[in-house]
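What follows is a short report on a single structure.
The values are calculated or read from the model by the stated rules, or taken from the named source; none is laboratory data. The structure presented is a predicted model; accordingly, all values stated were derived computationally and were not measured. Using ideal geometry, Cβ is built from the backbone for each residue, glycine included, and neighbour counts are taken over all protein chains shown.
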Amino acid sequence: MKSKITPFAFLVLALILTAGAASAQSGQTCGGIGGLQCPAGQGCLYPSGKCNQPDLAGTCIAVQDPCPSGGPQICGCDGTTYANRCAIATAGVRPDHNGPCTQKSQASTDVDPALDTFLQSLR
């Protein structure tokens with residue numbers, strides 16, 4: 001009787017470990033102070049509008065290779081307009097805001113708007 005339970009217990013344990021390993025890669029943390037990299041086939045997607053935050057961490061998302069050409073454009077903190085979420089995640093660039101980059105975006109000035117106002121008041 002004991003020998004019949006043992007193989008069953010190993011089967012259940014194997015199923016639990018396999019399911020845990022598959023979900024461990026999906027949504028894992030990337031970037032941050034350690035510069036953590038995503039597994040192959042994934043890119044690091046950072047939160048939007050946090051261009052000046054040091055050691056910002058993101059989340060690994062699945063990306064297509066190559067990325068599709070369509071979709072909503074995203075302005076990166078580097079001042080480049082990316083074709084979509086896949087493109088910016090693959091590049092590992094922080095998104096500034098949805099839509100194309102403009103002259104007035106934080107990405108192009110790289111200065112906090114409140115700080116910019118204060119500095120202009122000193123002139």
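Taking segment 58-102, which residues are touching a strand residue (DSSP E or B) at 6+ places or on another chain (Cβ under 8 Å), over 20 Å from GLY41 (Cα atoms) and among the charged types (D, E, K, R)?
Selection gives ASP96 alone.
Quick test for you: out of ALA57, ALA40, pick the one residue that is touching a Gly at 6+ places or on another chain (Cβ under 7 Å), among the hydrophobic types (A, V, I, L, M, F, W, C) and at pLDDT 90 or above.
After ruling out the rest, the residue left standing is ALA57.
For GLY34, indicate whether it is in contact with a strand residue (DSSP E or B) (Cβ under 8 Å, 6 or more places away or on another chain) and surrounded by fewer than 19 Cβ atoms within 10 Å (Cβ to Cβ).
Here the answer is no, as GLY34 does not meet what is asked.
Listed here are the residues, each with its yes/no results for (1) over 25 Å from PRO95 (Cβ atoms); (2) small (Gly, Ala, Ser); (3) in contact with a helix residue (DSSP H, G or I) (Cβ under 6 Å, 6 or more places away or on another chain); (4) at pLDDT below 90.
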residue: ILE5; (1), (2), (3), (4): yes, no, no, yes
residue: ALA14; (1), (2), (3), (4): yes, yes, no, yes
residue: ALA21; (1), (2), (3), (4): yes, yes, no, yes
residue: GLN28; (1), (2), (3), (4): no, no, no, no
residue: VAL63; (1), (2), (3), (4): no, no, yes, no
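Quick check: is even one residue across segment 59-67 under 22 Å from GLN28 (Cα atoms) and buried (at least 22 other Cβ atoms within 10 Å of the Cβ)? Steps first, answer last, please.
Initially, segment 59-67 is screened for residues under 22 Å from GLN28 (Cα atoms), giving 59-67.
Now restrict to residues that are buried (at least 22 other Cβ atoms within 10 Å of the Cβ): 60.
Taking every residue of segment 59-67 in turn, at least one turns out to be under 22 Å from GLN28 (Cα atoms) and buried (at least 22 other Cβ atoms within 10 Å of the Cβ).
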